[in-house]
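Dropping a structure here in structure tokens format, bear with me for questions.
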Amino acid sequence: MVVIQILSDEECEKSQEEVWNFLERCHPHLKKDDPSTWETTWPIYSHVSVSGDTPILSPQMFLNRQNPNIHRIFSVLYGTPKLWVSVDRANLARPTRKVPLKVSASEWKLVDKEEWRSVGHESLHWEINPWSGKTLLSGFIPGDLSANKGFERWKLLGFLALQDCASDDGVYYGVPGFHHFFKTWAQSNKHLAASELGSSVPFQVPQDDPIRRECQKFPVRRGCLLILHPAIPYGSCPNDSSRGRMMQYLRMVPQNDISVAPLMQREWLPQSDGFSLTELGEKLLGLKPWVD
């Protein structure tokens, strides 16, 4: 599902700025306004368009995590307001068409960068294992791993669009409605459970599986929230435009799900003028308890 206009244009602009500040801080030679610096200093995991392996702990990122509209949406879907929010990374892809590269102090050249494309349709996967129900817990601390069984406690996925993501910008894609057939697929393909990768999480959809033909793209405008059921296989298309893609990973889980615990520590909060957590934010991050 897609919920529109969660963030204002100003909130999107601030979020984008913080992601770039994070990248430039982690990679001193990388400069937002000089794509020539994006070649060798771009973050690890660029093949899957992930900003690195470190959560982004800046003011607007936290304001997004405590956004009451996002909390309200997840509350309706889970049937409880007592939730925890993930503290996670961003997802961004470099443009690959007509990229302005500096060739001298005063000269720029528009170049196609095919090698910057992400892995695309090879990335179609589930973040839940089809047979064990084990679910990826990024953005949280693992709790009781014996309780990490997604068949009993589904953990919804959330992606907050920080800029427009049209169909050729490296959008997410997947098979809508497949969560209704997930267990049937697992039963029909139970021979794969005994394979070398049968217990893996995430679990890649086999390259020859016919469900790949049912994939649809999920274009979204900036400020929108894309929520996916974990039993829907999804991935990201290769970016094939002169624009980039930028999203914030943002998911919530019920606080009584013992398979996870909040990742947040109070000393991680940004020391910035004008920034403060709301009471809702304190509870979502696990810094204050939910009470009846």
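Among (1) assigned to a loop (DSSP other than H, G, I, E, B); (2) surrounded by fewer than 20 Cβ atoms within 10 Å (Cβ to Cβ), which single condition is LEU280 missing?
(1)
Considering segment 210-236 alone, what residues qualify as being open to solvent by less than 20 Å² (accessible area, probe 1.4 Å) and of a type in the set (S, T, N, Q)?
Scanning segment 210-236 gives a single hit, SER236.
Modelled with pLDDT of 90 or more, farther than 30 Å from TRP290 by Cβ and assigned to a loop (DSSP other than H, G, I, E, B) - does that describe any residue in segment 37-47? Write out each step before concluding.
Quick first cut of segment 37-47, residues modelled with pLDDT of 90 or more only: none.
Checked against the condition, which is being modelled with pLDDT of 90 or more, farther than 30 Å from TRP290 by Cβ and assigned to a loop (DSSP other than H, G, I, E, B), segment 37-47 yields no hits at all.
Any residue in segment 11-38 that is within 22 Å of PRO68 (Cα to Cα) sitting within a Cβ distance under 9 Å of a residue that is open to solvent by 30 Å² or more (accessible area, probe 1.4 Å) and in a helix (DSSP H, G or I)? List the pairs, counting only those 6 or more apart or interchain.
What qualifies is GLU11/LEU63; LYS14/PRO59; LYS14/LEU63; SER15/LEU63; GLU18/PRO59.
While we're here: If you scan segment 119-143, which residues turn out to be of a type in the set (Asp, Glu) and open to solvent by 50 Å² or more (accessible area, probe 1.4 Å)? Steps first, answer last, please.
Quick first cut of segment 119-143, residues of a type in the set (Asp, Glu) only: 122, 127.
Of everything in segment 119-143, just one residue is of a type in the set (Asp, Glu) and open to solvent by 50 Å² or more (accessible area, probe 1.4 Å), namely GLU122.
Conditions tested, residue by residue: (1) more than 20 Å from LEU77 (Cα to Cα); (2) without any contact (Cβ under 8 Å) to a residue 40 or more places away in the chain.
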{"position": "MET246", "(1), (2)": "yes, no"}
{"position": "TYR249", "(1), (2)": "no, no"}
{"position": "MET252", "(1), (2)": "no, no"}
{"position": "ASP257", "(1), (2)": "no, no"}
{"position": "LEU269", "(1), (2)": "yes, no"}
{"position": "ASP273", "(1), (2)": "yes, yes"}
{"position": "THR278", "(1), (2)": "yes, no"}
{"position": "GLY281", "(1), (2)": "no, no"}
{"position": "LEU284", "(1), (2)": "no, no"}
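Yes/no matrix, rows are residues, columns are (1) under 18 Å from the mean Cα position of the chain (by Cα); (2) in a helix (DSSP H, G or I); (3) modelled with pLDDT under 90; (4) farther than 30 Å from PRO254 by Cβ:
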{"position": "LEU7", "(1), (2), (3), (4)": "yes, no, no, no"}
{"position": "SER15", "(1), (2), (3), (4)": "yes, yes, no, no"}
{"position": "LEU77", "(1), (2), (3), (4)": "no, yes, no, no"}
{"position": "ASP88", "(1), (2), (3), (4)": "yes, no, no, no"}
{"position": "SER106", "(1), (2), (3), (4)": "no, no, yes, yes"}
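Only one of LEU160, LEU110 is surrounded by 22 or more Cβ atoms within 10 Å (Cβ to Cβ) and either hydrophobic (A, V, I, L, M, F, W, C) or not in a strand (DSSP E or B) (or both); which?
It is LEU160.
The values are calculated or read from the model by the stated rules, or taken from the named source; none is laboratory data. In this text, all values refer to a predicted model and were calculated from it rather than measured experimentally. Using ideal geometry, Cβ is built from the backbone for each residue, glycine included, and neighbour counts are taken over all protein chains shown. Protein only, heavy atoms only, side chains kept; ligands, DNA and RNA dropped before computing areas. Shrake-Rupley method; radii C 1.70, N 1.55, O 1.52, S 1.80 Å.
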